[in-house]
Amino acid sequence: MKQLYAASFQAGFDIVSEGEHGKLPYRPNVGICLLNTDGHVWMGKAKTSGPEIVTPGREWQMPQGGIEETEDIVEAARRELWEETRATSVEFLAATTEWWSYDFPAGFDSAKHKEAGHKLNSFCGQKQKWVAFRFTGTVDEIDITASHTGEPQEFFDWDWLDAKTAFERTVSYKMAQYERVFAAFGCYIT
């Protein structure tokens, strides 16, 4: 696995990006790497939502969600995991301490989409801290319909994937971010 994810990373993040999106801030966010007892990663199949554009064959991602920068990262991860999957039977494994950022895909016109009022339109991308959990429940606990939250559904299918398959299906503009995550939590992932 180390060969697959061997990449050099620069820690930290830029406060703003002055690229395709103009000068916009990054949205604080927590990402969740949920692993089963076999070390496979929980991945959900997503659809395009605002600036988070997905393409056929690259629709899969891990749960994540917006947070306040001052929130306890593990508690925020538990909340976001529950909101997107209903899973609560988890054991904390590890968390990153630094913010890692990614930009929304080039070509997204935030000015054009402002009228739709998408919650991400005011950002150039997201800065994330990551938390790894081991899932200790049963699969019938997982519910991706979001009916328990009243929020829009984030995922439309899900699966436990080995690291190689997870990376091959990852939303393309999050690949570098997922390389960091898989490297950080590599001792738990197969």
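Can you list residues whose amide H is under 5 Å from L34's amide H, if they're 5+ apart or on another chain and H is modeled 1.01 Å from N?
Under 5 Å from the amide H of L34: W42, F133.
Test of understanding: extend the Cα→C-beta vector of F156 to 7 Å, then name every residue of the stretch 54-80 with backbone N under 16 Å from that spot.
54-61
With every protein chain kept in place and ligands, DNA and RNA left out, what is the accessible area per residue of the stretch 57-190? Probe 1.4 Å, answer in Å². Each step should come with its number before you reach the end.
Numbers: 6180 Å² over 134 residues.
I get 46 Å² per residue for this part.
Only Cα pairs under 8 Å and at least 6 apart count here; give the relative contact order of the stretch 51-190 as a rounded whole percent.
33 percent
Sort D159, D140, D72 from largest to smallest accessible area, using a 1.4 Å probe on the heavy atoms of the protein chains.
Values: D159 65, D140 115, D72 90 Å².
Descending order: D140, D72, D159.
Could you grab the relative contact order for the stretch 22-87? Cα pairs under 8 Å, six or more apart, rounded to a whole percent.
37 percent
Assuming 0.36 nm per residue, please report the length gained on full extension of the stretch T149 to T48 beyond their Cα-Cα distance. Walk me through the intermediate numbers first.
Details: separation 101, 0.36 × 101 = 36.36 nm, distance 2.01 nm.
The span from T149 to T48 would gain 34.3 nm if fully extended.
Give the average over all directions of the projected area of the C-alpha convex hull of the stretch 16-99, one decimal, in nm².
Numbers: hull surface 28.1 nm².
Average of the hull's projected areas for the stretch 16-99 equals 7.0 nm².
I'd like to compare 126-134, 44-52, 146-154, 75-83: which one has the highest average count of other Cβ atoms within 10 Å, and what's the full order after that? Before the final figure, lay out the partial values.
Values: 126-134: 23.1, 44-52: 16.8, 146-154: 12.1, 75-83: 18.9.
The densest-packed peptide leads the list: 126-134, 75-83, 44-52, 146-154.
Once amide H atoms are built 1.01 Å from N in the peptide plane, which residues 5 or more positions from R86, or in another chain, come under 5 Å H to H?
So R86 has HN proximity to D143.
The values are calculated or read from the model by the stated rules, or taken from the named source; none is laboratory data. Keep in mind that this is a model prediction, so the values were computed, not measured. For neighbour counting, all protein chains shown are included, and Cβ atoms are generated from backbone atoms with ideal geometry for every residue, glycine included. Each accessible area value is taken on the protein alone, full model and side chains, heavy atoms only, with ligands, DNA and RNA left out. Shrake-Rupley method; radii C 1.70, N 1.55, O 1.52, S 1.80 Å.
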